[in-house]
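Rule-based calculations on the coordinates, nothing more; no lab input. Predicted model only: the values in this text are computed from it and were never measured. So basically every Cβ, Gly included, is an ideal-geometry build from the backbone, and we count neighbours across all protein chains shown.
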Amino acid sequence: MCCVKWKMGYDESWVRRSSGVSSTLADLQTVIEELYACQTDQYGDEHFRAFDEFKSALNEGHVRAAESDPTSPTGWKVNTWVKKGILLGFRIGRVVEMHLEVEGRSALPLSGITDEIRREREGLPYQFRDKHTFPLKQLPRDQNIRIVPGGSSIRDGCYIGKNVTCMPPMYVNVGAYVDDGAMIDSHALVGSCAQVGKRVHLSAAAQIGGVLEPVGAMPVIVEDEVLVGGNCGVYEGTIIGKGTVLAAGTILTGSTPVYDLVRDAVYRREGEKPLMIPPGAVVVPGARAITTGQGKELGLSLYTPVIIKYRDEKTDQAVRLEELLR
């Protein structure tokens, strides 16, 4: 009944207005939350049209799964309605065959009887099968984004900023936000709803985990000018402060305490507060001895990330990004 009531009162005046107007986004939020709350297995044009508008806002960076909030203890807030919108796309989507050359971008053509996205005759013989609401992303030419050939994929419904460089193979999932000048190196992952700041370097095989569910959970946040070393993993809503350096092989999760040898402190997730790494920290993989029980008798240790220093001029020289690569 809620879907019928919403459909009858549907006002398309917010569709195709100038992007970024707060009242327009507020209208879009209301629509998305109403459709998400509706429990139905019948999806009409109102679902696909609203989702297309929502996904367009994601692609353009006008809405984000999380955004900076100086009033929050973490400095960030979760936009739960954005996560609901992404989940709505999965709910209404159908698994279809997607050839590499994609002509139709809207979900609307697929609300009929066809189960195949239109493709160019010259399309390469590669194919994918996924929800029709999440094809490969079309990148705007004016953003100067580099996607080096070799097996990378960027899913529709994420934001890629200006002058971002992507080395193959890499993957950016739906809801992610990758800001200007970032470098995503080979075999790196930017998970669903992850927020990656300006001039961040994700080194080879770095994994920035996705946090789509639960909708209220903080996604992984990597703030501006962070260097994430090779084979690092950042998961479970961890927030990496501006200018932090993660040495190769560092793993950060919600259940892993981080020992700060400089400030004599221990950082860990506490209740709703995520693990937060202070700005400018230099974090390396470490170990701490088990001091009780069988672990002590066997001389075992547990993996522990350790902050050994904070960024200085020597560190800046070591991690300086080469402008010529951009």
field: Expected-Rg normalisation [2.2 N^0.38 Å, Cα atoms] applied to region 136-311
entry: 1.08
message: With θ taken as phi - 60° and the coefficients 6.51, -1.76 and 1.60, list the Karplus ³J(HN,Hα) couplings across region 280-289 in order, rounded to whole Hz; mark glycine and proline as x.
response: x, 5, 10, 10, 10, x, x, 8, 10, 6
- prompt: At what distance in nm do the modelled label points of A248 and D45 sit from each other, each positioned 7 Å from its Cα along Cα→Cβ?
  reply: 5.7
query: What lysines sit close enough to K314 to cross-link, taking a C-alpha to C-alpha distance under 28 Å and skipping anything fewer than 8 places away on the same chain?
result: K198, K242
query: What does the highest-first list of 217-230, 179-192 look like by mean Cβ count within 10 Å?
result: 217-230, 179-192
message: Can you compute 3J(HN,Hα) from phi for each residue in region 224-234, using the Karplus curve 6.51 cos²θ - 1.76 cosθ + 1.60 with θ = phi - 60°, rounded to whole Hz and x for Gly and Pro?
response: 4, 6, 8, 10, 9, x, x, 6, 7, x, 10
- prompt: Which cross-chain or sequence-distant (5 or more) residues have an amide H under 5 Å from the amide H of G157, H modelled 1.01 Å from N in plane?
  reply: N59
- prompt: Where does the charge balance sit around G75 when Lys and Arg score +1, Asp and Glu -1, over other residues with C-beta under 11 Å from its C-beta?
  reply: -1
- prompt: How far is it, in nm, from the label point at Q317 to the one at V95 when both lie 7 Å from their Cα along the line to the Cβ?
  reply: 5.6
field: Under 23 Å from K84, Cα to Cα: lysines that are on another chain or at least 8 residues apart
entry: K5, K7, K55, K131, K137, K273
task: Please order V282, V95 by the number of other Cβ within 10 Å, starting at the fewest.
output: V95, V282
query: Listing C193, C38, C166 from the residue with the fewest other Cβ atoms within 10 Å to the one with the most, what is the order?
result: C38, C166, C193
- request: Scan around R64 for amide H atoms under 5 Å from its own, H built in the peptide plane at 1.01 Å from N, and keep only partners 5 or more places away or cross-chain.
  value: none
Cβ-based exposure ranking for L87, L246, L261, L35, in which fewest neighbours within 10 Å come first: L261, L87, L35, L246
query: Which whole-Hz ³J(HN,Hα) couplings does region 47-58 yield from phi under the Karplus relation 6.51 cos²θ - 1.76 cosθ + 1.60, θ = phi - 60°, glycine and proline marked x?
result: 5, 5, 5, 5, 5, 4, 5, 4, 5, 4, 5, 5
